[in-house]
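Working notes, structure below.
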Amino acid sequence: MEQIQGKTIFNKIAIGKVLLYQKNEATVKRRHIDDVGEELRRFDAARETALSQLDQIYEKALAEVGADNAAVFEVHKIMLEDDDYLDSVRNIIREQKLNAEYAVAATGGNFSRMFEQMDDSYMQARAADVKDISERLITVLCGGSTAIRRIGEPHCTDSVLSACPEDGQPAEPVILMADDLAPSETVQMDKSKILAFVTRHGSSNSHTAILARTMNIPAVIGIDIQNDWAGKTAIVDGYTGTVTIDPDPATLEEMTAKMQEDERKLRLLKELRGKETITGSGKKIHLYANIGSVSDIALVLQNDGEGIGLFRSEFLYLESKDYPTEEEQFRAYKMAAETMAGKKVIIRTLDIGADKQADYFHLAKEDNPAMGYRAIRICLDRPEIFRTQLRALLRASAYGNISILFPMIISVQEVQESKRILESVKAELRESRIPFKDVEIGVMIETPAAVWISEALAKEVDFFSIGTNDLTQYTLAIDRQNPKLDAIYDPHHPAVLKAIQTTIENGHRGGAWVGICGELAADTTLTQTFLDMGIDELSVSPSFILPVRKAVRALS
Ligand code: PEP
Ligand code: MG
């Protein structure tokens, strides 16, 4: 038995088998080979396997998401037949006498960089496809030694073979361990197959951590993961931040009992379902939920969320290989509106950039991405992307109670420009006789600038949603992504609390209602403070709804 101490992200316990998730780039080693012919045959065999995998994936995608979305896998097949690509790989093997994995990685890197630099946006978008097929080939070539498949893809390796059936999906849910996870990777995983996340890197305030909390999955970071843990039984204790490998029977028994105790407490909390979020003296607040995708709505309903306070729409973009179409977005927003059956659904417009990257946006590397080209700045700079989303949102508004929230606002002009574009999209819909409803408009208050001009902003909008995650980052000048600074990233800092108070006062003075949707909204040690400040709404990860309701009801 081995016990390692890390840092907790979400208080929950999981027991299960370990699946190591490594990014392919990290596993490719440059190796000299003696038998060129054998290495070329190995590469050709891997290519055949990759092609037949793509056939299967194409068929599955065709059935599940339709021809348009499945077409990308046909493009991948064409790339695997491309002479320039194949010649480059074979040349490196033949001339430099290097291993096939390295030859594919080098070729993939060169070709994707070449595509990225092209002027034509269609060709630029192909960079992601080259990376994808190269990863696929490398994975097939490495197959058998290390667990490097992405969860959800049809293949698996020896180290997890015992947990995987023929199609490569783990037969039972696993504890996923990785060096680091990007939000785009986390969001693409089949959540029903994940018991817990354990990573070596990452910070408590990153979007991956937020996703783990939203998905109700225990998570621990800062663990020095070892390769020989693959396939072993582990316990992830999200309360203490401890990970136990190969637990002895006594520990297993103790932790199973702790898990059962958790479930018992959860059952007690469930008794608060259907009850009002109201203090003893009758002060009521709205208690909404934060979600990253439509599939999280099940958790909102299970936990009796009174609405959705923050739908992070950018995760729709992160799940896609290309810009989601108006139709795809419309379907997602409509489903959210319909499922919530008239309850409020606040959808935040695209907040991409910084740690939330999608290749097809081709965002240049920046020295300071958190303060860079992101969120509303991208939307106002590339209005065609913004208009597509606004059309989808407005069309979906006809099916429920949708509100629109603009992120990363720093000026009244940005809000006015966003509203101007929204009005022109409305005019377009009216002209085409496409129905939509009047929607409430809100802005995220997550920059000190927005706090200082909140009285003016309130006159422009119906509501504010305070994003304490970024507000803390920008107020304290502490990078929320940097694990070294976790200890001093303090959302309880008086400057942050003062900013919240100022925002609430100014919002009310200007006629806007005010909520909090950052992680701090779930901090029950501050519930009283927020109510005293006059907060109207709190929006939290689904699993925090009932604990926060309990805290509000306990207040006098
Ligand atoms: C925030 O900044 O508090 C927020 C809710 O937005 P995100 O965490 O997605 O940046
Ligand atoms: Mg934010």
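The values are calculated or read from the model by the stated rules, or taken from the named source; none is laboratory data. Because the structure is a prediction, the values reported are computed rather than measured. Reconstructed Cβ throughout: ideal geometry from the backbone, glycine too, with neighbour counts over all protein chains shown.
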Selection count, the range 431-458, where residues are more than 20 Å from Thr349 (Cβ to Cβ) and surrounded by 22 or more Cβ atoms within 10 Å (Cβ to Cβ): 1
Residue list for the range 478-537, filter: free of Cβ contacts under 8 Å to residues at least 40 places away in the same chain, among the acidic types (Asp, Glu) and assigned to a helix (DSSP H, G or I): Glu505, Asp532
Residue selected from the range 266-292 under the condition exposed (fewer than 11 other Cβ atoms within 10 Å of the Cβ) and small (Gly, Ala, Ser), by the criterion farthest from Asp304 (Cα to Cα): Ser281
Search result, residues across the range 461-477 that are surrounded by 20 or more Cβ atoms within 10 Å (Cβ to Cβ) and part of a loop (DSSP other than H, G, I, E, B): Val461, Gly467
Residue identified as surrounded by fewer than 24 Cβ atoms within 10 Å (Cβ to Cβ), within 15 Å of ligand 1 (Cβ to nearest atom) and among the β-branched types (Val, Ile, Thr) among Val548, Val496: Val496
Candidates Phe436, Phe406, filtered to the one that is touching a Ser or Thr at 6+ places or on another chain (Cβ under 6 Å) and farther than 26 Å from Gly353 by Cβ: Phe436
Val451 vs. criteria within 16 Å of ligand 1 (Cβ to nearest atom) and over 25 Å from the mean Cα position of the chain (by Cα): yes
Within the range 167-197, considering residues that are part of a loop (DSSP other than H, G, I, E, B) and surrounded by fewer than 17 Cβ atoms within 10 Å (Cβ to Cβ), the one modelled with the highest pLDDT: Asp179
Cβ-Cβ under 9 Å pairs, at least 6 apart or on other chains, the range 370-385 side over 10 Å from Gly353 (Cβ atoms) and more than 12 Å from ligand 2 (Cβ to nearest atom), far side part of a helix (DSSP H, G or I) and of a type in the set (Gly, Ala, Ser): Cys379/Ser418; Leu380/Ser418
Selected residue [at pLDDT below 95 and away from ligand 2 (no atom under 16 Å from the Cβ)] from Ala212, Ala234: Ala212
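Residues are listed down the side, and each one gets a yes or a no for (1) under 22 Å from His286 (Cβ atoms); (2) in contact with a strand residue (DSSP E or B) (Cβ under 6 Å, 6 or more places away or on another chain):
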| position | (1), (2) |
| --- | --- |
| Glu366 | no, no |
| Leu380 | no, no |
| Pro383 | no, no |
| Ala392 | no, no |
| Ser403 | yes, yes |
| Arg430 | no, no |
| Asp438 | yes, no |
